[in-house]
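Student: Following this message is one structure expressed as structure tokens.
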Protein chains: 2
Amino acid sequence: MISERELTFLLYEVFETERLLERPRYAHYSRFEFDAIVGAAMRLVTDYFAPHNHDGDACEPRFEAGAAKLIVQTGAAWKAFAEAGFLSAHWSVEEGGLGVPEVILRAALANLFAANVSTAGYPFLTIGAANLLRSFGSPEQKQRFLPAMGDGRSAGTMCLTEPGQGSALGDIRTQALVQPDGSYRIFGQKMFISGGDQDFTDNIVHMVLARIPGEPAGAKGISLFLVPKWLVNEDGARGARNDVALAGLLHKMGWHNTTSTVLSFGENGGAQGYLLGQKNHGLGHMFQLMNEARIGVGLIGASLAYRGFAESLAYARERQQGRLPSQKDPLSPQVRLVEHADVRRLLIAQKAIAEGALALCLYASTLFEDQHSHPDAQERERATLLLDVLTPVVKSWPAKYGCSSNDMAIQVLGGAGYTREYPLEQLYRDQRLNPIHEGAEAIHGLDLLGRKVAAKAGAGFKLFCQAVSADIELAQTQPELRRLASTLTEVLARLKRVSAVLIAAQPDNPNLALANATAYLDVFGCVTVAWMWLRQARVACHALAIGSTASGAEYYHGKLQTARYYIQRELPVAITQFAVLEQFERTPFDMKEEWFQ
Amino acid sequence: MISERELTFLLYEVFETERLLERPRYAHYSRFEFDAIVGAAMRLVTDYFAPHNHDGDACEPRFEAGAAKLIVQTGAAWKAFAEAGFLSAHWSVEEGGLGVPEVILRAALANLFAANVSTAGYPFLTIGAANLLRSFGSPEQKQRFLPAMGDGRSAGTMCLTEPGQGSALGDIRTQALVQPDGSYRIFGQKMFISGGDQDFTDNIVHMVLARIPGEPAGAKGISLFLVPKWLVNEDGARGARNDVALAGLLHKMGWHNTTSTVLSFGENGGAQGYLLGQKNHGLGHMFQLMNEARIGVGLIGASLAYRGFAESLAYARERQQGRLPSQKDPLSPQVRLVEHADVRRLLIAQKAIAEGALALCLYASTLFEDQHSHPDAQERERATLLLDVLTPVVKSWPAKYGCSSNDMAIQVLGGAGYTREYPLEQLYRDQRLNPIHEGAEAIHGLDLLGRKVAAKAGAGFKLFCQAVSADIELAQTQPELRRLASTLTEVLARLKRVSAVLIAAQPDNPNLALANATAYLDVFGCVTVAWMWLRQARVACHALAIGSTASGAEYYHGKLQTARYYIQRELPVAITQFAVLEQFERTPFDMKEEWFQ
């Protein structure tokens, strides 16, 4: 799990979360209560989520009589989570919540993901679906559906993908037919719907994208509908079964205990659906949920990477094997794995990824927080623009490098890591979903380079560059960090130049100008994480300068050394992508289909 | 599966396998017969191996009453393989084989690996164990055990690893106690023994490393023993059960249908073992099998990568999804995945890895062949030295990049690739073993940099550099290849320089000089594969110059483009490692254990 020390460092030393207490909205809170919330989540981990992570993987949900059956521990964990108030913890007090800040909620959830991502998937999706209802639902809709999503009687899902369309949301075909009374009936099939059915809540609220016939083609004619599994009476009591059927379960490489479903809407006359928000603005509305879910997927990637790091570190500290090159005597005692240089490389590389990704995701959560609760309107706008440009990075970087990190965790254990007696192989399988769901990697490259960096005359990107530069300037005052700061200065300048060139090339030849968008996303992400490491290093330097206890000092030395590792050793690999981008490198672009044989 | 076109290109156009027919040993063969052998293996693939790849994964071997139980298709495939004569096909005619050249046998096996690696694991191990007996067995030992390993009544295993020792073979503890009659009894436990038990052969011959008490410590006191599961009478008939017990099955992430076992020797008085070869030379003898197995693991990595490439290419050609950035009209028809630039990148990158790795492994097989059958003693010596230095690379590069290739295959399919309805996720799980077994990656880095490149005053490394230079010279005569050739010239020069520096530093500070050995292995491998691509590009250029049919030309254009891709786009990433090596980059080396918190 993610150590308390690490969360404390990121929350309070790096991102100064305590300053939230100055905002009127959080005046009733204290640091002590923030810690209590993180602690309460940790107890859920220990008592409910961690114990059945392996069982949920070994005993997959079954399709029985048209419904999904899960191991009973899943429902018990859900119930405990709901009873602890976590489903509505971040709702305002007026809504019936506790008004917990976003960044504290995310920090609390991280350990649930690390412990058991596939059971934690249900609350993760439900929180997102409820947020959509909170934002776009009419008072009547909220009154009818929201309370049950806050207390755990109802779960929520997001229904976007269809069998024939995959990542291209503009092409969805599910239809919403207007009835004489003005209500809607939904017809169509959705695929890869996580949590689309399960056996532990009274109801499930599906957030469904569909088209109303006669409306514009493509993305501009998509509307958002709330489609409950069971109809709900005005008083909130459960009514008749709606026309939503579980057509089948998909069997995946990982995330076994999160059902992945095919859902059929309207096989018997049409599923009753409620238009949420404005007609034809469904994709825009859904983007609120998607953007939230994208930060969430980043955090999941970071959490799984951290877990693999912690597990492989513990093993490497314990397990004796082999000798150092300098030990020629075969009777000399074996050393522990951590004493081998290459094992330390595998560990520091994981630390760089896991803690770098975690910092990035918690930073995104502070932006999300500022976007909603900062007292200054200009700061709210700033946070919105910055988060917009960073969202594709926050989604993609922890997912991609999380896979690589969990790969290294297996390698530290060797053969043992490949067996199911250790949790590493499951982490590796679970992690592999993250570069796929919530938009496959390439989609985010196109989003970043084709939209986000140029949006609003590049306002978000400029804010990003300013924010990085501000940290570089602070770092330059510390002699130990000068070299790292100057590396980052150069790299940032190059990112600016290459961005300008690529943006300028898009109007003339968008296909070629965007051909290497995935490489752009990668190097943008690596620069961002290097920034996160520079910031952590600065905080560590400062803490060392003002004096720490011996064991405290060791933690900070580890941060400093990892920042050096990332910027001196990993960043140079990533920046080879600059040459690819600057030259509009086109060997894959020019590869003809007929040449693949 | 690996296309006939690809095998023909590598075997006959690139590696000129037909020239083997000039050797007296192969005078009775023709190209037609070589093709018939590869074709016979392909029929085994279609009829026996491919059909149960998924079932073998879904229905893992079970431990029942002290024995391993497998799905029946496994035994049927084994029987068909044995009956087709493949277990002894490469044995000389005098030994009862067909004298099939190594490189033809390996090309034939590649498709079995691609189709069903875990069932193919049994013949793979048995062929290796039988080769050990052929090399080091006494006439009496061969007479007693070899025929059954050639006709499929007996399988074979290699028993190296023990629970307490992992990769450090010098530390094994299994004991061989001399009996009054001069025979040996074996006592100890072996772990991760692939094929250590199964239910489809009469017998299993274990090749076991053990120590005779009183002999030197470490690697110099290890002997090799043949320990049959069932004793065998002098006439070859099966006798009593030997004291070898299946202590348990290990459950793995992939390779489900290859049993991974814990074996107990000597729980009831001692397992009868036969000393194979010279006392205390066991590790040296075993290295014959290990070196063979290492080339085999490379080939498995290449084959699984190729399979993933072929499957994802087929999907990308079929599946329609989304539009190009230039298509703004939402009603314009969707394009197929292969038309998206980033999908083509994922495909050409896989092609570069899979075909580059396959070329490397078949090249290693031609060296193995020359080592044994070249009529010129100097050429045999040359092949031996070259193969020695290349073995760690052949083992490691296809395994490491094979994982990355299978990762990309999943990404092409997106959500579908993550489900078990498609074979990609199984390939990804199966592939992950390859960087672990037959020596984890780090072991091969230390082997290459700590031993192989400096061995015999660097004779093998010099031959490697000469061989690469020879191909560069040939490529330089072709205008289209000049740029690629000059890139490789520079990179090779840099590899020479950095090797000299690292070798020179070892006596003074071996721990630091070898700290980045894994990075050295990586860049050495990438240079080697770039060479393989330059050679393929030269052959393709030549074929295009002399004129090909239109469809033939497309194949060669694909080879040329992929060579460009690899050398212009992938190689620059790899050579960032040179800076790490030249600077003795030491952030992981200097990371203190206490700093990990």
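The values are calculated or read from the model by the stated rules, or taken from the named source; none is laboratory data. Owing to the predicted nature of the structure, the values given are computational and were not obtained by experimental measurement. For neighbour counting, all protein chains shown are included, and Cβ atoms are generated from backbone atoms with ideal geometry for every residue, glycine included. Quick note on the areas: whole protein, heavy atoms, side chains included, nothing else; ligands and nucleic acids left out. Shrake-Rupley method; radii C 1.70, N 1.55, O 1.52, S 1.80 Å.
Student: In region A:482-597, if every C-alpha pair distance is counted and binned at 5 Å from zero, what percent goes to each bin?
Tutor: 2, 10, 18, 16, 13, 11, 9, 7, 5, 4, 2, 1, 1, 0
Student: In degrees, nearest 10, range 0 to 90: what is the angle between the Cα axis of helix A:377-413 and the longest Cα principal axis of chain A?
Tutor: Approximately 70 degrees, to the nearest 10.
Student: Can you list the HN-Hα couplings for region A:460-475, worked out from phi with the Karplus curve (6.51, -1.76, 1.60; θ = phi - 60°), rounded to whole Hz and with x for Gly and Pro?
Tutor: Calculated HN-Hα couplings, in order: x, 5, 4, 4, 4, 4, 5, 5, 5, 4, 4, 5, 4, 4, 4, 5 Hz.
Student: Something else: Taking beta carbons within 10 Å but only from partner chains, what does the mean come to for residues A:342-349?
Tutor: Taking all residues of A:342-349 together, the mean is 6.
Student: Let me ask something else about it. Averaged across the residues of A:324-330, what count of C-beta atoms belonging to other chains lies within 10 Å of each residue's C-beta?
Tutor: For peptide A:324-330, the averaged partner shielding equals 5.
Student: Here is a follow-up. Rounded to the nearest whole Å², what accessible area per residue is found for chain B with the 1.4 Å probe?
Tutor: 35 Å²
Student: Determine the distance separating the Cα centre of region B:332-389 from the Cα centre of region B:217-262; give it in Å without decimals.
Tutor: 34 Å
Student: Where the eigenvalues come from the Cα gyration tensor of region B:385-499, what are the semi-axes √(5λ) of the equivalent ellipsoid, largest first, in whole Å?
Tutor: Result for region B:385-499: semi-axes of 33, 22, 10 Å.
Student: Reachable lysines from B:Lys395, Cα under 16 Å, same-chain residues fewer than 8 places away excluded?
Tutor: Of all the lysines, those that pass the test against B:Lys395 - Cα under 16 Å, at least 8 places apart if same chain - are B:Lys452.
Student: Convert each backbone phi in region B:49-65 into a coupling constant with the Karplus relation 6.51 cos²θ - 1.76 cosθ + 1.60 (shift: θ = phi - 60°), then list the ³J(HN,Hα) values in order as whole Hz, x for Gly and Pro.
Tutor: 8, 4, x, 10, 4, 6, 5, x, 6, 6, 10, 5, x, 10, 8, 10, 6
Student: So which lysines can A:Lys69 reach, going by Cα to Cα under 21 Å and dropping same-chain residues fewer than 8 places off?
Tutor: Straight-line reach from A:Lys69, under 21 Å: A:Lys79, A:Lys190, A:Lys229, A:Lys252.
Student: Over the residues of the protein assembly as shown, compute the C-alpha Rg and express it relative to 2.2 N^0.38 Å.
Tutor: 0.94
Student: Tell me the GluC sites (Glu not before Pro) within region B:1-101 that lie in a loop according to DSSP and have at most 12 other beta-carbon atoms within 10 Å.
Tutor: B:Glu16, B:Glu94
Student: Step through the residues of region B:208-219 one at a time and calculate ³J(HN,Hα) from phi using the Karplus curve (6.51 cos²θ - 1.76 cosθ + 1.60, θ = phi - 60°), rounding each to whole Hz and writing x for Gly and Pro.
Tutor: Karplus values, whole Hz, x for Gly and Pro: 10, 8, 8, 10, 8, x, x, 7, x, 6, x, 5.
Student: Tell me, what is a quarter of the convex hull surface for the C-alpha atoms of chain A, in nm² with one decimal?
Tutor: So the mean shadow area of the Cα hull is 30.5 nm².
Student: Using only the heavy atoms of the protein chains and a 1.4 Å probe, how would B:His437, B:His285 rank by accessible area, largest first?
Tutor: Result, largest first: B:His437, B:His285.
Student: Right, next: Can you give the translational diffusion coefficient of region B:189-331 in µm²/s, computed by Stokes-Einstein from the Kirkwood radius over Cα pairs at 4 °C and 1.567 mPa s?
Tutor: 68 µm²/s
Student: Still on this structure: Which value, in nm² and rounded to one decimal, describes the direction-averaged projected area of the C-alpha convex hull of region B:91-175?
Tutor: Answer in nm², one decimal: 7.4.
Student: I would also like to ask the following. Ordered by packing density, taken as the mean number of other Cβ atoms within 10 Å over each peptide's residues, highest first, how do B:98-107, A:225-234, B:139-148 rank?
Tutor: Averaged packing, sorted descending, gives the order B:98-107, A:225-234, B:139-148.
Student: Please compute the modelled spin-label separation between B:Gln378 and A:Ser135, points set 7 Å along Cα→Cβ, answer in nm with one decimal.
Tutor: Here the answer is 7.6 nm between the modelled labels.
Student: If you wrap a convex hull around the C-alpha atoms of region B:81-235 and split its volume per residue, what is the figure in Å³?
Tutor: Hull volume over Cα atoms, normalised by residue count, gives 133 Å³.
Student: Now, a different point. Where does each of A:Ser3, B:Ser551 land when they are ordered by accessible area, with a 1.4 Å probe and the largest first?
Tutor: B:Ser551, A:Ser3
Student: Report, to the nearest 10°, how far helix A:517-545 tilts away from the longest principal axis of the Cα atoms in chain A, using its own Cα long axis and a range of 0 to 90°.
Tutor: In chain A, helix A:517-545 runs at an angle near 60 degrees to the longest axis.
Student: Is there a quick way to get the dipole size of the protein assembly as shown? I mean about its Cα centre, with the Cβ of Lys and Arg at +1 and of Asp and Glu at -1; what is the value in debye to the nearest 20?
Tutor: My answer is approximately 1320 debye.
Student: Specify the inter-centroid distance of region B:395-455 and region A:275-314, based on alpha-carbon positions, in whole Å.
Tutor: Result: 28 Å between the Cα centres.
Student: Next up: Express the relative contact order of region A:122-249 as a whole percentage, based on alpha carbon pairs under 8 Å and six or more residues apart in sequence.
Tutor: Computed over region A:122-249, the figure is 23 percent.
Student: Go ahead and estimate [θ] at 222 nm for chain B from helices alone: -39,500 (n - 2.57) per DSSP H run with n ≥ 4, summed, over the residue count, rounded to 500.
Tutor: About -18000 deg cm²/dmol.
Student: Of all trypsin sites (Lys or Arg not before Pro) in region A:314-414, which ones are in loop regions per DSSP and have a Cβ with at most 15 other Cβ atoms within 10 Å?
Tutor: Those satisfying the criteria are A:Lys328.
Student: Taking the 0 to 90 degree range and rounding to the nearest ten, how far is the long axis of helix B:550-565 tilted relative to the main principal axis of chain B, both from C-alpha atoms?
Tutor: 80 degrees
Student: Hey, got the Cα dimensions of region B:334-428 along the principal axes, in Å, largest first?
Tutor: Sorted from largest, the Cα extents of region B:334-428 read 61, 25, 18 Å.
Student: Just tell me which aspartates and glutamates come within less than 16 Å, Cα to Cα, of A:Lys279; anything on the same chain fewer than 8 places away is out.
Tutor: In chain and number order, the partners are A:Glu215.
Student: Right, next: Give the separation of the Cα centroids, region A:65-105 to region A:541-597, in Å.
Tutor: 37 Å
Student: Along each principal axis of its Cα atoms, how long is region B:46-117 end to end? Whole angstroms, biggest number first, please.
Tutor: 41, 27, 16
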